[in-house]
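Take a look at the structure set out below.
The values are calculated or read from the model by the stated rules, or taken from the named source; none is laboratory data. Small disclaimer: the values here were computed from a predicted structure and weren't measured. Here the Cβ positions follow ideal geometry from the backbone for every residue, glycine too, while neighbour counts run over all protein chains shown. For the accessible areas, the whole protein counts, side chains as well, though only heavy atoms, and no ligand, DNA or RNA atoms are used. Shrake-Rupley method; radii C 1.70, N 1.55, O 1.52, S 1.80 Å.
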Amino acid sequence: MKKDNHILLIGVGNMGSKYLNILKQITDKIILCDTDIDKISDKGLMYTCDIGDIQVPISKAIIATNPVHHVEIAKRLLNIGADILIEKPPATSYNEFTTLNDFKHRIWISEIERFSICIKEFPKHIKPKSIEIKRLNKGRGYINPLWDLAWHDLYNLIYLFGDIYIENISQGHIWEIRGRVGEDVPFSLKVAWNHHFVDRSWLVHTQKGEIFMNFADEEIITEDGISYTRKDGNKLLDMISQFLDGLEDNSFDRAAKILKILDNIKDEVSGT
(Lines give C-alpha, C1' and ligand atoms only; values in the text may rest on other atoms or scores of the structure.)
Protein backbone atom coordinates (compact mmCIF):
# COMPACT_ATOMS: atom_id res chain seq x y z
CA MET A 1 0.00 0.00 0.00
CA LYS A 2 1.34 3.44 -0.89
CA LYS A 3 2.33 5.43 2.19
CA ASP A 4 0.29 8.50 1.23
CA ASN A 5 -2.91 6.56 0.58
CA HIS A 6 -5.66 6.01 3.10
CA ILE A 7 -7.64 2.94 4.11
CA LEU A 8 -11.40 3.33 3.92
CA LEU A 9 -13.60 1.44 6.37
CA ILE A 10 -17.26 1.33 5.38
CA GLY A 11 -19.55 0.34 8.21
CA VAL A 12 -18.55 0.83 11.85
CA GLY A 13 -21.12 -1.43 13.47
CA ASN A 14 -20.43 -4.77 15.16
CA MET A 15 -17.80 -6.27 12.83
CA GLY A 16 -16.77 -2.85 11.54
CA SER A 17 -15.75 -1.77 15.05
CA LYS A 18 -13.49 -4.83 15.28
CA TYR A 19 -11.85 -3.92 11.97
CA LEU A 20 -11.35 -0.37 13.24
CA ASN A 21 -9.61 -1.53 16.41
CA ILE A 22 -7.15 -3.55 14.32
CA LEU A 23 -6.59 -0.82 11.72
CA LYS A 24 -5.66 1.66 14.45
CA GLN A 25 -2.84 -0.70 15.44
CA ILE A 26 -1.47 -0.51 11.90
CA THR A 27 -1.98 3.06 10.64
CA ASP A 28 -3.55 6.43 11.39
CA LYS A 29 -4.47 6.97 7.74
CA ILE A 30 -8.04 5.73 8.14
CA ILE A 31 -11.26 7.17 6.75
CA LEU A 32 -14.57 6.05 8.22
CA CYS A 33 -17.79 5.87 6.24
CA ASP A 34 -21.20 5.13 7.71
CA THR A 35 -24.72 6.40 7.05
CA ASP A 36 -25.08 6.98 10.82
CA ILE A 37 -22.84 9.98 11.49
CA ASP A 38 -23.06 9.45 15.25
CA LYS A 39 -21.07 6.22 14.86
CA ILE A 40 -18.09 7.91 13.18
CA SER A 41 -17.94 11.58 14.17
CA ASP A 42 -16.38 10.99 17.60
CA LYS A 43 -13.54 8.62 16.60
CA GLY A 44 -10.88 11.30 16.00
CA LEU A 45 -10.49 10.20 12.37
CA MET A 46 -11.53 11.51 8.97
CA TYR A 47 -15.09 10.51 8.18
CA THR A 48 -17.85 10.80 5.62
CA CYS A 49 -21.36 9.53 5.06
CA ASP A 50 -20.85 9.13 1.29
CA ILE A 51 -17.97 7.61 -0.68
CA GLY A 52 -18.37 10.32 -3.30
CA ASP A 53 -17.28 13.00 -0.82
CA ILE A 54 -13.81 11.52 -0.22
CA GLN A 55 -11.06 13.91 -1.34
CA VAL A 56 -7.90 11.90 -0.60
CA PRO A 57 -6.33 8.90 -2.42
CA ILE A 58 -7.58 5.48 -1.32
CA SER A 59 -5.76 2.26 -2.19
CA LYS A 60 -7.54 -0.19 0.13
CA ALA A 61 -11.06 -0.42 1.49
CA ILE A 62 -12.91 -2.74 3.87
CA ILE A 63 -16.68 -3.20 3.52
CA ALA A 64 -18.55 -4.32 6.64
CA THR A 65 -22.16 -3.29 6.15
CA ASN A 66 -25.45 -5.11 5.65
CA PRO A 67 -24.71 -7.79 3.01
CA VAL A 68 -27.51 -6.50 0.76
CA HIS A 69 -25.31 -3.46 0.05
CA HIS A 70 -21.93 -5.19 -0.35
CA VAL A 71 -21.84 -5.62 -4.13
CA GLU A 72 -23.16 -2.13 -4.89
CA ILE A 73 -20.54 -0.56 -2.61
CA ALA A 74 -17.80 -2.84 -3.96
CA LYS A 75 -18.43 -1.68 -7.52
CA ARG A 76 -18.16 1.99 -6.53
CA LEU A 77 -14.83 1.35 -4.82
CA LEU A 78 -13.40 -0.81 -7.58
CA ASN A 79 -14.25 1.90 -10.10
CA ILE A 80 -12.13 4.42 -8.18
CA GLY A 81 -9.18 2.01 -8.10
CA ALA A 82 -9.31 0.62 -4.57
CA ASP A 83 -8.59 -2.99 -3.70
CA ILE A 84 -11.26 -4.25 -1.34
CA LEU A 85 -11.92 -6.71 1.45
CA ILE A 86 -15.59 -7.63 1.89
CA GLU A 87 -16.98 -9.01 5.15
CA LYS A 88 -18.89 -12.27 4.75
CA PRO A 89 -21.34 -12.97 3.29
CA PRO A 90 -20.16 -10.79 0.38
CA ALA A 91 -23.52 -10.91 -1.42
CA THR A 92 -27.03 -12.28 -1.07
CA SER A 93 -26.82 -14.56 -4.13
CA TYR A 94 -24.32 -16.26 -6.42
CA ASN A 95 -25.54 -14.36 -9.48
CA GLU A 96 -25.18 -11.00 -7.74
CA PHE A 97 -21.69 -11.84 -6.54
CA THR A 98 -20.40 -13.01 -9.91
CA THR A 99 -21.07 -9.57 -11.41
CA LEU A 100 -17.73 -8.79 -9.71
CA ASN A 101 -15.85 -11.53 -11.61
CA ASP A 102 -13.85 -9.12 -13.76
CA PHE A 103 -12.35 -7.59 -10.60
CA LYS A 104 -11.72 -10.81 -8.65
CA HIS A 105 -7.94 -10.27 -8.52
CA ARG A 106 -8.57 -7.07 -6.52
CA ILE A 107 -11.10 -8.56 -4.09
CA TRP A 108 -10.57 -10.39 -0.80
CA ILE A 109 -13.46 -12.00 1.05
CA SER A 110 -13.13 -12.12 4.83
CA GLU A 111 -11.94 -15.57 5.94
CA ILE A 112 -10.90 -14.80 9.49
CA GLU A 113 -10.97 -18.43 10.69
CA ARG A 114 -8.50 -19.41 7.97
CA PHE A 115 -5.94 -17.43 10.01
CA SER A 116 -6.74 -19.32 13.21
CA ILE A 117 -4.06 -21.46 14.83
CA CYS A 118 -6.46 -24.37 14.20
CA ILE A 119 -5.97 -24.06 10.43
CA LYS A 120 -2.32 -23.02 10.57
CA GLU A 121 -1.36 -26.11 12.62
CA PHE A 122 -3.73 -28.58 10.98
CA PRO A 123 -1.66 -31.50 9.63
CA LYS A 124 -2.10 -31.04 5.89
CA HIS A 125 -1.23 -34.67 5.00
CA ILE A 126 -4.25 -36.02 6.91
CA LYS A 127 -7.10 -37.70 5.06
CA PRO A 128 -10.04 -37.66 7.49
CA LYS A 129 -12.49 -40.52 7.88
CA SER A 130 -15.22 -38.05 8.87
CA ILE A 131 -15.65 -34.53 10.29
CA GLU A 132 -18.10 -33.21 12.90
CA ILE A 133 -18.46 -29.42 13.06
CA LYS A 134 -20.39 -27.18 15.44
CA ARG A 135 -20.77 -23.41 15.31
CA LEU A 136 -23.32 -22.46 17.96
CA ASN A 137 -23.46 -18.77 18.87
CA LYS A 138 -25.28 -16.73 21.49
CA GLY A 139 -25.85 -13.80 19.09
CA ARG A 140 -27.51 -13.53 15.70
CA GLY A 141 -26.66 -12.18 12.25
CA TYR A 142 -28.31 -10.73 9.15
CA ILE A 143 -29.84 -13.51 7.05
CA ASN A 144 -30.02 -16.92 8.77
CA PRO A 145 -27.62 -19.16 10.73
CA LEU A 146 -26.33 -20.87 7.59
CA TRP A 147 -25.42 -17.63 5.81
CA ASP A 148 -24.05 -16.03 8.96
CA LEU A 149 -22.26 -18.92 10.67
CA ALA A 150 -21.78 -21.91 8.37
CA TRP A 151 -19.82 -19.63 6.02
CA HIS A 152 -16.69 -19.91 8.21
CA ASP A 153 -16.62 -23.69 8.23
CA LEU A 154 -17.50 -24.05 4.55
CA TYR A 155 -14.51 -21.98 3.41
CA ASN A 156 -12.24 -23.91 5.78
CA LEU A 157 -13.52 -27.22 4.39
CA ILE A 158 -12.88 -26.03 0.82
CA TYR A 159 -9.46 -24.61 1.77
CA LEU A 160 -8.30 -27.82 3.47
CA PHE A 161 -9.98 -30.59 1.48
CA GLY A 162 -11.59 -29.41 -1.79
CA ASP A 163 -15.11 -29.11 -3.15
CA ILE A 164 -18.22 -29.69 -1.06
CA TYR A 165 -21.29 -31.74 -1.94
CA ILE A 166 -24.44 -31.28 0.15
CA GLU A 167 -26.64 -34.34 0.76
CA ASN A 168 -29.10 -33.27 3.45
CA ILE A 169 -30.27 -30.13 5.29
CA SER A 170 -32.42 -29.99 8.43
CA GLN A 171 -33.85 -26.77 9.82
CA GLY A 172 -34.79 -25.83 13.40
CA HIS A 173 -33.20 -23.97 16.28
CA ILE A 174 -30.08 -25.86 15.22
CA TRP A 175 -29.62 -26.08 11.46
CA GLU A 176 -27.61 -29.05 10.20
CA ILE A 177 -25.91 -29.71 6.88
CA ARG A 178 -24.67 -33.19 5.97
CA GLY A 179 -22.52 -33.85 2.97
CA ARG A 180 -19.12 -34.84 1.62
CA VAL A 181 -15.95 -32.88 0.98
CA GLY A 182 -12.85 -33.53 -1.10
CA GLU A 183 -12.25 -37.22 -1.74
CA ASP A 184 -15.63 -38.40 -0.45
CA VAL A 185 -15.13 -37.47 3.24
CA PRO A 186 -18.46 -37.29 5.11
CA PHE A 187 -19.08 -34.23 7.29
CA SER A 188 -21.83 -32.77 9.45
CA LEU A 189 -22.13 -29.06 10.25
CA LYS A 190 -24.46 -27.76 12.96
CA VAL A 191 -25.10 -24.02 13.37
CA ALA A 192 -27.40 -21.95 15.59
CA TRP A 193 -28.19 -18.38 16.58
CA ASN A 194 -29.31 -17.45 20.10
CA HIS A 195 -27.86 -20.63 21.55
CA HIS A 196 -27.41 -20.93 25.31
CA PHE A 197 -23.68 -21.63 24.99
CA VAL A 198 -20.92 -21.09 22.45
CA ASP A 199 -19.36 -24.03 20.62
CA ARG A 200 -17.12 -23.42 17.60
CA SER A 201 -15.37 -26.74 17.23
CA TRP A 202 -14.32 -29.43 14.78
CA LEU A 203 -13.78 -33.10 15.59
CA VAL A 204 -11.83 -34.71 12.78
CA HIS A 205 -11.81 -38.52 12.87
CA THR A 206 -8.70 -40.11 11.31
CA GLN A 207 -7.11 -43.55 11.02
CA LYS A 208 -4.86 -42.73 14.00
CA GLY A 209 -7.45 -41.10 16.26
CA GLU A 210 -9.03 -37.66 16.49
CA ILE A 211 -8.01 -34.06 15.91
CA PHE A 212 -9.92 -31.52 18.03
CA MET A 213 -10.09 -27.89 16.89
CA ASN A 214 -11.51 -25.18 19.14
CA PHE A 215 -11.89 -21.99 17.09
CA ALA A 216 -13.35 -20.04 20.04
CA ASP A 217 -10.19 -20.47 22.12
CA GLU A 218 -7.72 -20.91 19.22
CA GLU A 219 -6.53 -24.37 20.19
CA ILE A 220 -5.88 -27.56 18.23
CA ILE A 221 -5.09 -30.95 19.74
CA THR A 222 -3.59 -33.42 17.28
CA GLU A 223 -3.98 -37.21 17.13
CA ASP A 224 -0.78 -37.53 19.15
CA GLY A 225 -2.17 -35.37 21.97
CA ILE A 226 0.00 -32.36 21.10
CA SER A 227 -1.78 -29.05 21.77
CA TYR A 228 -1.14 -25.80 19.91
CA THR A 229 -2.57 -22.45 21.07
CA ARG A 230 -2.03 -18.92 19.85
CA LYS A 231 0.69 -17.15 21.81
CA ASP A 232 0.45 -13.64 20.38
CA GLY A 233 -1.44 -11.47 17.88
CA ASN A 234 -4.87 -12.45 16.60
CA LYS A 235 -6.42 -13.88 13.48
CA LEU A 236 -8.15 -10.65 12.41
CA LEU A 237 -4.83 -8.78 12.56
CA ASP A 238 -3.18 -11.51 10.48
CA MET A 239 -5.90 -11.37 7.84
CA ILE A 240 -5.94 -7.57 7.55
CA SER A 241 -2.14 -7.40 7.41
CA GLN A 242 -1.99 -9.82 4.49
CA PHE A 243 -4.76 -7.92 2.71
CA LEU A 244 -2.93 -4.60 3.15
CA ASP A 245 0.33 -6.20 1.98
CA GLY A 246 -1.39 -7.20 -1.25
CA LEU A 247 -0.78 -10.92 -0.89
CA GLU A 248 -2.93 -12.98 -3.24
CA ASP A 249 -5.44 -15.53 -2.07
CA ASN A 250 -8.31 -17.49 -3.59
CA SER A 251 -11.05 -16.27 -1.28
CA PHE A 252 -13.16 -14.93 -4.17
CA ASP A 253 -13.41 -18.37 -5.77
CA ARG A 254 -14.19 -20.04 -2.44
CA ALA A 255 -16.90 -17.44 -1.78
CA ALA A 256 -18.48 -18.10 -5.19
CA LYS A 257 -18.63 -21.84 -4.42
CA ILE A 258 -20.21 -21.17 -1.02
CA LEU A 259 -22.82 -18.80 -2.46
CA LYS A 260 -23.80 -21.42 -5.03
CA ILE A 261 -24.20 -23.97 -2.23
CA LEU A 262 -26.26 -21.57 -0.12
CA ASP A 263 -28.43 -20.63 -3.10
CA ASN A 264 -29.20 -24.31 -3.68
CA ILE A 265 -30.00 -24.80 0.01
CA LYS A 266 -32.28 -21.74 -0.06
CA ASP A 267 -34.18 -23.22 -3.00
CA GLU A 268 -34.44 -26.61 -1.29
CA VAL A 269 -35.62 -25.17 2.04
CA SER A 270 -38.16 -22.84 0.39
CA GLY A 271 -39.47 -25.76 -1.65
CA THR A 272 -40.23 -27.94 1.36
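Checking each residue in the stretch 217-227 for being under 21 Å from PHE115 (Cβ atoms) and not hydrophobic (A, V, I, L, M, F, W, C) picks out ASP217, GLU218, GLU219, THR222, SER227. Residues in the stretch 29-53 that are farther than 16 Å from GLY13 by Cβ and open to solvent by 80 Å² or more (accessible area, probe 1.4 Å) were compared, and the one that is modelled with the highest pLDDT is MET46. Within the stretch 79-102, residues that are under 12 Å from LEU259 (Cβ atoms) and of a type in the set (D, E, K, R) have Cβ atoms under 8 Å from residues that are open to solvent by 20 Å² or more (accessible area, probe 1.4 Å) and at pLDDT 95 or above in these pairs: LYS88/HIS152, counting only partners at least 6 apart in sequence or on another chain.
Residues are listed down the side, and each one gets a yes or a no for (1) over 16 Å from CYS118 (Cβ atoms); (2) in contact with a helix residue (DSSP H, G or I) (Cβ under 8 Å, 6 or more places away or on another chain); (3) surrounded by fewer than 14 Cβ atoms within 10 Å (Cβ to Cβ):
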position	(1), (2), (3)
ASN194	yes, no, yes
GLU210	no, no, no
PHE215	no, yes, no
THR229	no, yes, yes
MET239	no, yes, no
PHE243	yes, no, no
LEU259	yes, yes, no
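Set side by side, the residues THR98, THR92 differ, and just one is at pLDDT below 95 and of a type in the set (Ser, Thr, Tyr), which is THR92. Please enumerate the residues belonging to the stretch 219-244 that are closer than 30 Å to ILE7 by Cβ and in contact with a Phe, Trp or Tyr (Cβ under 9 Å, 6 or more places away or on another chain). If the condition is that a residue be closer than 30 Å to ILE7 by Cβ and in contact with a Phe, Trp or Tyr (Cβ under 9 Å, 6 or more places away or on another chain), then ASN234, LYS235, LEU236, LEU237, ASP238, MET239, ILE240, GLN242, PHE243 are the ones that fit.
Put simply, of VAL56, VAL68 the only residue that is open to solvent by 40 Å² or more (accessible area, probe 1.4 Å) and within 18 Å of LEU149 (Cα to Cα) is VAL68.
Against the criterion of being over 16 Å from TRP108 (Cβ atoms), among the aliphatic types (A, V, I, L, M) and open to solvent by 60 Å² or more (accessible area, probe 1.4 Å), VAL12 does not qualify. For the stretch 242-266, a tally of residues being small (Gly, Ala, Ser) and at pLDDT below 95 returns 1. Just one of the numbered conditions (1) without any contact (Cβ under 8 Å) to a residue 60 or more places away in the chain; (2) over 13 Å from ILE119 (Cα atoms); (3) touching a helix residue (DSSP H, G or I) at 6+ places or on another chain (Cβ under 8 Å); (4) open to solvent by 20 Å² or more (accessible area, probe 1.4 Å) is not true of LEU160: (2). Screening the stretch 128-150 for residues that are assigned to a strand (DSSP E or B) and not hydroxyl-bearing (Ser, Thr, Tyr) and picking the one that is surrounded by the fewest Cβ atoms within 10 Å (Cβ to Cβ) gives GLU132. Annotation for the stretch 172-180: at least one member residue is crowded, with 19+ Cβ neighbours inside 10 Å and touching a residue at least 24 places away in the same chain (Cβ under 8 Å).
Restricting the search to strands (runs of 3 or more DSSP E) fully inside the stretch 180-255 and requiring at least 3 residues that are under 30 Å from VAL71 (Cα atoms) gives 185-192.
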